[in-house]
Every structure is written in C-alpha cells, then in structure tokens.
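Rule-based calculations on the coordinates, nothing more; no lab input. In this text the structure is predicted, and so the values were computed from the model without any measurement. Don't worry about glycine lacking a Cβ; one is built from the backbone with ideal geometry, like all the others, and counts go over all protein chains shown.
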Ligand code: HEM
C-alpha cells in the first residue's frame, strides 16, 4: 500500500493512524484523518520536517560513493529545514514567487498554451492520437519557473530527466543497481546547479546577496527544480485525465456554470500529485489516541485527508465548489506550507481554461501510468483521440 497509496480503493475504510512497514523493514506511522494530518503539520516542534527529503530506500555505499564523487550535498534548506535559517531562505524564495510576479506570467503562459492547444486540436481533428502529457503539460511549469527565478540554461529534457531521477532515488522502492544509476544522474546535474549557484542571477543571486552559503543556494535550486516544476506538470496531467472522465464538469466549464478555480481546487483535493509527505516525531507524543515514540517516521496521507468525510460533503465525487472542497491539504500546512501554491494554481487555471475544450468527446487511448513511489504520482503519458 505504502508505494501505491493513490491506488487504494476509493472509500475503503482505513484506520486514523496505523503502522505500515516498508520494503526494507522500516515502520512508518501512516496518518489519514484530515484533523490529525493538520495537527501534525501545524506543530513543527513536536513533528519536525527533518526527514522530508530522506531516501526512503537507504542508499548503499556504492550509490553514496557516486554522489560523493559529484560532491553532492543536500543541507537543510527549505522543506527539510527545521533550523533558524528556514524563515529567511523561505522569504527570499517566496519573494521570487510573489503573487504579483506570478500574475505577470499569465498572459505569456496563456499565449503558449493556446498555441499548443490549437495544434493539438488540429491533430485530433485529423484523427491522430495526442499525448497531453508530452505535448502539453510536461514542460510548461519548468518554462514558467525558469522565467520567474532565472534558472540555468539547461535543456528542458535534461532537467526533466534529472528531476524524475531525483523523485525516484529519494522516494521509490529500489534495488542497489538502480540506486547507483540514479545517483550518477542526480549527482551529475547537481554539478550543473553548483556552477550556476556560484554565478547565476535571479533567485541564486538574491540568496548569495543575503549571505547564504553555496550549499544552501544549490539546495534551494535543487528543491525548486524537483518539487517546483515536476509536481505541477504531474498535476496538470492527472487533472486533465480526471476531467476527461467528468463530462458534466466539462459541460459546466463550457457554459460557464462551473468556475475554473473550483475545478482546480477539486482537482487538487482528488488528484494531488504529492500523495504523502513525511515528518519525524521529535519527542514521545500521542496522536489521536495512538502513542508516537520519538524518532517515528510519520507518513501523512495528504490524498486521503482530502477525502475525509468529516470535511467534504461527497468525498469521492468531483463536484467543483462543494462544501469542504478547498480544505484539502495538497500543499501541506503550517511553517513549511508550499510557497508555490499561487503559481501552481495559476498554471492549472490557464491549462483548464484553454485545454478543457479539447477533452470534449475524446476517447482515452492510454491513461497515465504511475510507478511505485511513496510520495509522487509521476504519470508517464496521457494519450487521447477523438471518438
Ligand atoms: C500542484 C503543485 C504542487 C503541490 C501539490 C505542492 C505540494 C507541496 C507540499 C505538500 C509541500 C510540503 C508542505 C509541508 O511540509 O507542509 C510543498 C513544499 C514546498 N513547495 Fe510545493 N507543491 C506544488 C508546486 C510547487 C511549485 C510550483 C513550487 C515553486 C516553484 C513549489 C515550491 C515549494 C517549496 C519551496 C516548498 C518548501 C516550503 C518550505 O519548506 O518552507 N511547490 N509543496
């Protein structure tokens, strides 16, 4: 269950808090109820974020050597930083992703998506099958992020490959040979980031100006490139796939009876790209009547919390605007809550507005396939054709 939690049967009962053991024998405490997930996220003293980026399959010495050979380091920077430096680093990243800066990207993104949608519509009209992941969603978030934070001038394909390798290396069940191969990929790109962190403009320059160490600049860029763009392209793909199976929502969007923003929120609630997120207990605690010894790894099942019947009227149904729809925890909560939420929502709103009409009357040729992963969905394709 742990690595395919998103595939767990809709509506199937699940305890509020339960111990689950992973493939290498490590016990994790899985937390499902909305109130308990929020309780943990809201208390960074009792439940620290230190393990957020720990490899769920411990790395063998061979893979660690490969990473060391690339001088790979991931110091506490953003998501895994419970130290005093977190607020200052977060605030510089938040400035780069300020809602006004995000809004300024909207016209450019809209034009780009419109152009792609026109091309895809022509292909569909001609009877061809199109992949809405590869041909629409995959690189959009990276292109926007590059404009916002001035990323290194690396080819889009190389960044996507590195980001997916990192999500696999840190969050998938793996064998040692695969870990070594992934470590080589991740380590190599880390070198690219190190060079850029030392000389690049935009966010890198702001962090350097504020006196942050080179490792911190690399750590921030690493996290943004992995979580800041890959999550959103996954979400866009999952949302489009979900909408293809929701004809009444598509009709509502067309007639204007359904608001795009409500569709995005219901999508985040039911199809979050990050299904779980981790915390570690800093001391012996009690959670919902369960004892949580210090050092316990907590797996917060964000996707399940979004379907908690205590919060949402019709938990398993895609009903934009329903009671509780916006109370999902897809972006986490508390001191580490996602700082890219405004950006992700803007991108999703543009894609739904422009691309939803493409989905009218299509047949799904190939639904997204997602590999085993504790946290990320990582859909690989979404192919449709007309009729
Ligand atoms: C649909 C897309 C996205 C989802 C579902 C998502 C979800 C999350 C989650 C669950 C966390 C952990 C929150 C916690 O520990 O309470 C997080 C943290 C973070 N996210 Fe996102 N995210 C998305 C997009 C983005 C984007 C577009 C960016 C930036 C370009 C971004 C940047 C960050 C950063 C910097 C953090 C760490 C914040 C901190 O520790 O202070 N995310 N995100």
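Worth pointing out:
For (1) crowded, with 24+ Cβ neighbours inside 10 Å; (2) within 15 Å of the ligand (Cβ to nearest atom); (3) touching a residue at least 12 places away in the same chain (Cβ under 8 Å), each residue gets a yes or a no:
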| site | (1), (2), (3) |
| --- | --- |
| 192 | no, no, yes |
| 198 | no, no, yes |
| 219 | yes, yes, yes |
| 227 | no, yes, yes |
| 237 | yes, yes, yes |
| 240 | yes, yes, yes |
| 244 | no, no, yes |
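- If you go through the range 143-161 and pick out every residue that is surrounded by fewer than 22 Cβ atoms within 10 Å (Cβ to Cβ) and in contact (Cβ under 8 Å) with a residue 40 or more places away in the chain, you end up with 5.
- Any chance residue 305 is under 25 Å from the mean Cα position of the chain (by Cα), within 16 Å of the ligand (Cβ to nearest atom), over 30 Å from residue 146 (Cα atoms) and surrounded by 22 or more Cβ atoms within 10 Å (Cβ to Cβ): yes
- Taken over the range 109-138, residues that are over 23 Å from the mean Cα position of the chain (by Cα) and under 16 Å from residue 355 (Cα atoms) amount to 15.
- Among the residues of the range 249-259, none qualifies, meaning not one is crowded, with 24+ Cβ neighbours inside 10 Å and in contact (Cβ under 8 Å) with a residue 24 or more places away in the chain.
- Helices (runs of 4 or more DSSP H) (entirely within the range 125-214) containing at least 1 residues that are over 23 Å from residue 377 (Cβ atoms): 140-149, 176-199, 202-209
- Selected residue (criterion: farthest from the chain's Cα centre (by Cα)) from residues of the range 270-302 that are outside any loop (DSSP other than H, G, I, E, B) and within 11 Å of the ligand (Cβ to nearest atom): 279
- Residue count for the range 54-66 under the criterion of being buried (at least 21 other Cβ atoms within 10 Å of the Cβ) and in contact with a strand residue (DSSP E or B) (Cβ under 9 Å, 6 or more places away or on another chain): the result is 1.
- Residue match in the range 120-131 (condition: within 16 Å of the ligand (Cβ to nearest atom) and at negative phi): no
- When the test is whether a residue is under 26 Å from residue 285 (Cβ atoms) and within 13 Å of the ligand (Cβ to nearest atom), residue 41 passes it.
- Complete set of residues in the range 75-90 that are more than 13 Å from the ligand (Cβ to nearest atom) and either assigned to a helix (DSSP H, G or I) or touching a helix residue (DSSP H, G or I) at 6+ places or on another chain (Cβ under 6 Å) (or both): 75
- Scope the range 334-345; condition within 15 Å of the chain's Cα centre (by Cα), outside any loop (DSSP other than H, G, I, E, B) and touching a residue at least 40 places away in the same chain (Cβ under 8 Å); matching residues: 336, 342, 343, 344, 345
- Within the option set 362, 350, 384, being within 16 Å of the ligand (Cβ to nearest atom), more than 15 Å from the chain's Cα centre (by Cα) and over 30 Å from residue 86 (Cβ atoms) holds for one residue only, 350.
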